[in-house]
Amino acid sequence: MTRRVLIRATGSARPGQLAGLGRALARSGARLLDINQSVTFGILSLEALVGLDREADLEGALSAAGDELGLDVQAIQVSAEDYHRWSLQAGQPRLIMTLLAPHLPAGILAEVGALTAEHGLTVELIHRLSGRESLDGAMPQHGACVECWLRGDDVDIEALREKALALGAVHGIDIALQEDSIWRRHRRLVCFDMDSTLIQTEVIDELARRHGVFDEVAEITERAMRGELDFQQSFRERMAKLRGLDESVLAEIAEQLPLMDGVERLMGHLKRLGYRTAILSGGFTYFAEHLQQRLGFDEIHANELVIENGKVTGEVREPIVDAERKARLLHEIAEREGLAMEQTIAVGDGANDLKMLAAAGLGIAFRAKPLVRQQARQSISTLGLDAVLYLIGYRQVDLEERG
């Protein structure tokens, strides 16, 4: 009858320890069923589950090996019931919880632990994706990020996400939750909103300010936010206020567009890693083209201003890029590129982006209003746009080594 044993070894890490333990297991005729090893601050922690089909002094062999290797080695018998329970748990879906902030307070571990336990989740692994804090205690470059692997059965993901969002708001951190799948590290298309996502402004507000109609445009925007106007209606009314604006103003604003922090780093890595990138914006092609030239987007889809005799007419060419069209464009680009929707990422900040975010395999609300954060599946509010790399699962050290 097969005997199953959990081996746990700890001690100061040095070369040759895995080989020594492996030889002891081989001499005992053990079969390797599972293994995990890590080294943290020079301390090795190894756990291995083995099966024995014949009688052997495994414990004695491991004890001798531990003495020789400078390791404390324990051999724990695993009952058939415990092994069956472990096998069932290993087959449960995995969730990825990502914690992001300029700094992560230690107290968040207790609250995250309590939250996951409340939903019947086991924390399988916690590892850091961000770089290390400097010796002088300065804020980690590109923020702090820790990723937790969770397993559980019959988890109410929406309830868990809602509580995680509330918990993050209390502590000033982002807590993103996504289901693990084969697609997570195989996303290939990233589509962005433009205004207040790629740039730190709303271009139509800047145009209105330069044309002396900012208050009138803002009032229309407020009516739309109250639900009194739909997007297309409010967009046309705001555009009409810009009639007569000189085309030279567009060029001046385009040259001074304030980029969102992290966007240049993000785009540099996405292009190098082979992602296709697109702007899907309810803003204007005039400015999207400027960003395309500056940052290297593969394609842009936005509203085209009608300009006659050097003046803005207050009209745009059809079709208007609204929420429905953004989602449809995302589908069309993915289909054209031969991609599954699970391979797409969408990033935006407004209600006009929600349908696009919902359609994407990974939809991220970036520095969005509370309503948008609540409805989106993931959100980032505490770090720059390059934190998208963390949600895809990239470690900073890997990106730097290949930079």
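Looking only at strands (runs of 3 or more DSSP E) that lie completely in the stretch 1-64, which have at least 2 residues being touching a residue at least 60 places away in the same chain (Cβ under 8 Å)?
In the stretch 1-64, the matching strands (runs of 3 or more DSSP E) lie at 3-12.
Being of a type outside the set (A, V, I, L, M), in contact (Cβ under 8 Å) with a residue 60 or more places away in the chain and part of a helix (DSSP H, G or I) is the filter; apply it to the stretch 269-290 and report the residue that is farthest from residue 335 (Cα to Cα).
My answer is 287.
Restricting to the stretch 322-353, and then to whatever is modelled with pLDDT under 95 and outside any helix (DSSP H, G or I), can you tell me which residue is nearest to the chain's Cα centre (by Cα)?
The extreme case among them is 349.
For residue 105, indicate whether it is in contact with a helix residue (DSSP H, G or I) (Cβ under 7 Å, 6 or more places away or on another chain) and either among the charged types (D, E, K, R) or within 30 Å of residue 167 (Cβ to Cβ) (or both).
Criteria met by residue 105.
Which one of 360, 346, 351, 368 is more than 18 Å from residue 278 (Cβ to Cβ), among the hydrophobic types (A, V, I, L, M, F, W, C) and surrounded by 24 or more Cβ atoms within 10 Å (Cβ to Cβ)?
Working: 360 fails: more than 18 Å from residue 278 (Cβ to Cβ); 346 fails: more than 18 Å from residue 278 (Cβ to Cβ); 351 fails: surrounded by 24 or more Cβ atoms within 10 Å (Cβ to Cβ).
After applying the criteria, what remains is 368.
If I filter the stretch 75-91 down to residues being closer than 19 Å to residue 48 by Cβ and either among the hydrophobic types (A, V, I, L, M, F, W, C) or modelled with pLDDT of 95 or more (or both), which single residue comes out as nearest to the chain's Cα centre (by Cα)?
Only one residue fits best here, namely 90.
Is it the case that some residue within the stretch 380-394 is assigned to a strand (DSSP E or B), in contact with a helix residue (DSSP H, G or I) (Cβ under 7 Å, 6 or more places away or on another chain) and crowded, with 19+ Cβ neighbours inside 10 Å?
Narrowing the stretch 380-394 to residues assigned to a strand (DSSP E or B): 380.
Then keep just the ones that are in contact with a helix residue (DSSP H, G or I) (Cβ under 7 Å, 6 or more places away or on another chain); that gives 380.
From the residues that got through so far, the ones that are crowded, with 19+ Cβ neighbours inside 10 Å too are 380.
Yes, the stretch 380-394 has at least one match.
Check the stretch 237-248 and report whether any residue there is touching a Phe, Trp or Tyr at 6+ places or on another chain (Cβ under 8 Å), under 27 Å from residue 327 (Cβ atoms) and surrounded by 15 or more Cβ atoms within 10 Å (Cβ to Cβ). Talk me through it step by step, then tell me what you get.
Restricting attention to the stretch 237-248, the residues satisfying the condition of being touching a Phe, Trp or Tyr at 6+ places or on another chain (Cβ under 8 Å) are none.
No, the conditions are met nowhere in the stretch 237-248.
Quick check on my filter: what residues within the stretch 65-80 are closer than 30 Å to residue 15 by Cα and either among the hydrophobic types (A, V, I, L, M, F, W, C) or in a helix (DSSP H, G or I) (or both)? Full working, then the answer.
We begin by selecting, within the stretch 65-80, every residue closer than 30 Å to residue 15 by Cα; these are 65-78.
Answer for the stretch 65-80, where residues must be closer than 30 Å to residue 15 by Cα and either among the hydrophobic types (A, V, I, L, M, F, W, C) or in a helix (DSSP H, G or I) (or both): 65, 66, 67, 68, 69, 71, 73, 75, 76, 78.
Identify, by number, the condition in (1) outside any strand (DSSP E or B); (2) in contact (Cβ under 8 Å) with a residue 12 or more places away in the chain; (3) under 30 Å from residue 168 (Cα atoms) that residue 83 doesn't meet.
(3)
Select from the stretch 161-170 the residues that are touching a helix residue (DSSP H, G or I) at 6+ places or on another chain (Cβ under 8 Å) and open to solvent by less than 60 Å² (accessible area, probe 1.4 Å) and list them in ascending order.
164, 165, 167
When the stretch 139-160 is examined, which residues are found to be closer than 13 Å to residue 112 by Cβ and open to solvent by less than 50 Å² (accessible area, probe 1.4 Å)?
Matches in the stretch 139-160: 146, 147, 148, 150, 160.
Matching residues to (1) in a loop (DSSP other than H, G, I, E, B); (2) surrounded by 18 or more Cβ atoms within 10 Å (Cβ to Cβ); (3) among the small types (Gly, Ala, Ser); (4) without any contact (Cβ under 8 Å) to a residue 40 or more places away in the chain:
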{"site": "206", "(1), (2), (3), (4)": "no, yes, no, no"}
{"site": "217", "(1), (2), (3), (4)": "no, yes, no, yes"}
{"site": "220", "(1), (2), (3), (4)": "no, yes, no, yes"}
{"site": "228", "(1), (2), (3), (4)": "yes, no, no, yes"}
{"site": "232", "(1), (2), (3), (4)": "no, no, no, no"}
{"site": "261", "(1), (2), (3), (4)": "yes, no, no, no"}
{"site": "264", "(1), (2), (3), (4)": "no, no, no, yes"}
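So which residues in the stretch 294-321 are among the β-branched types (Val, Ile, Thr), part of a strand (DSSP E or B) and either over 16 Å from residue 191 (Cα atoms) or over 24 Å from the mean Cα position of the chain (by Cα) (or both)?
Result: 306, 307, 312, 313, 316.
The values are calculated or read from the model by the stated rules, or taken from the named source; none is laboratory data. If you're wondering where the values come from, they're calculated on a predicted model, not measured in any experiment. Counting neighbours? That spans all protein chains shown, and the Cβs are built from the backbone with ideal geometry, glycine included. When the accessible area is computed, the model is the full protein with side chains, heavy atoms only, and any ligands, DNA or RNA have been set aside. Shrake-Rupley method; radii C 1.70, N 1.55, O 1.52, S 1.80 Å.
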